[in-house]
Amino acid sequence: MDLDLISTKLQAGRAKEVKALVQQAIDEGIPVQDILEKGLLSGMSVIGEKFKNNEVFVPEVLVAARAMNMGASLLKPLLAAQGVKASGKACIGTVKGDLHDIGKNLVRMMLEGKGLEVIDLGTDVDPEDFIRTAQEENCQLICCSALLTTTMNVMADVVKAAEKAGIRDKVKIMIGGAPVTEAFCQQIGADAYTPDAASAADRAAAFCA
Ligand code: B1M
């Protein structure tokens, strides 16, 4: 099967067709990573570029996002079946002011795929909520996602809140999202920046080893 078809249908927001095509690709034995990257993520990246250039607008992006999430939901159990296992607990969320959740959901799936227990706080998460959850649930990891340059600074507030709560030496703070960089990670004193969901899961597993 041509994975471009998944990408094209995703761009058109055809969620049901995307789901059916992802299932077909799985049934044909196409590697999960290829379905994710060459099908779903490639479609989302075209939409991202068109959104930037004002060729598509919020409604089109939302239906594409729904198609992405529906397709990715089929991959979740397969990702979970792969690779080395780790044990540990993480809380994850998109930071306050930010509603983008596709990347965060992928990171969650990949962490679960490594065997980690993940508490998903959703989007628009206040720094205090990350800290409270980490304390109450004994999380080793706090994972923050941000897609907006205006919200990435909330990650610095999460680091400061962890220090203030006296748990900074007990949790690793991992950050990521399109505008985030290694330099920013060092600047705010977080523990790890990773550029994609797969490397986030590898790093999380290493922290919990
Ligand atoms: Co928004 N949006 N959006 N948007 N949106 C961006 C981010 C933008 C770059 C588009 C653009 O103009 N070029 C731009 C931000 C510009 C900036 O800040 N410099 C933007 C804007 C401006 C906005 C609004 C302000 C638009 C408006 O209303 N005028 C608004 C803000 C709403 C808010 O959050 N308060 C808005 C709204 C939306 C939608 C609701 C329509 C929708 C979100 C739907 C949803 O998430 N449920 C949306 C989308 C979909 C996008 C784009 C097109 C795609 C994002 C995405 O899902 N990518 C995006 C353009 C782009 O990124 N090219 C854009 C696919 C996803 C898999 O990638 O999330 O980057 P990503 O995750 C990656 C890595 O970053 C990494 O792993 C993933 C891949 O493996 N990763 C981590 C992510 N989190 C990680 C955490 C880690 C480690 C790795 O460790 C913990």
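For the chain, list the DSSP H helices whose alpha carbon atoms reach 30 Å or more along the long axis and whose average Kyte-Doolittle value is 0.0 or above?
Working: long enough: 58-80 (32 Å, 1.07).
Qualifying helices: 58-80.
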Given K76/K104; K76/K172; K104/K172; K16/K89; K38/K104; K9/K38, which pairs have Cα atoms separated by over 23 Å? K76/K172; K16/K89
Per the Kirkwood definition applied to all pairs of different Cα atoms, how many angstroms is the hydrodynamic radius of the chain? 17.5 Å
Give me P(r) over segment 120-209, computed from all C-alpha to C-alpha distances, binned every 10 Å, as integer percentages. 17, 55, 27, 0
Can you give me the pair-distance distribution of segment 3-81, C-alpha pairs, 5 Å bins, whole percents? 3, 19, 30, 23, 14, 7, 3, 1
Connecting C-alpha atoms closer than 10 Å in a GNM of the chain, tell me which of F130, F51, F184 has the biggest fluctuation. F51
Between segment 42-62 and segment 95-159, what's the alpha-carbon centroid distance in Å? 24 Å
Springs between alpha-carbon pairs under 10 angstrom, Gaussian network model over the chain: which of A161, A183, A12 fluctuates most? A183
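Among 169-176, 134-141, what's the highest-first ranking by average C-beta atoms within 10 angstrom per residue? Could you put the intermediate results ahead of the total?
On the way: 169-176: 20.8, 134-141: 17.4.
Peptide ranking by packing, descending: 169-176, 134-141.
Take each of the peptides 26-32, 114-120, average the number of other beta-carbon atoms within 10 Å over its residues, and list them starting from the highest. Present the calculation step by step, with values, prior to reporting the outcome.
On the way: 26-32: 12.7, 114-120: 19.1.
Taking the mean over residues of other Cβ atoms within 10 Å, the ranking is 114-120, 26-32.
Quick note: the coordinates plus some simple rules give every number you see, no bench work behind them. Because the structure is predicted, anything quoted here is derived from the model rather than measured. FYI the Cβ positions are ideal-geometry reconstructions off the backbone, even for glycines, and counts take in every protein chain you see.
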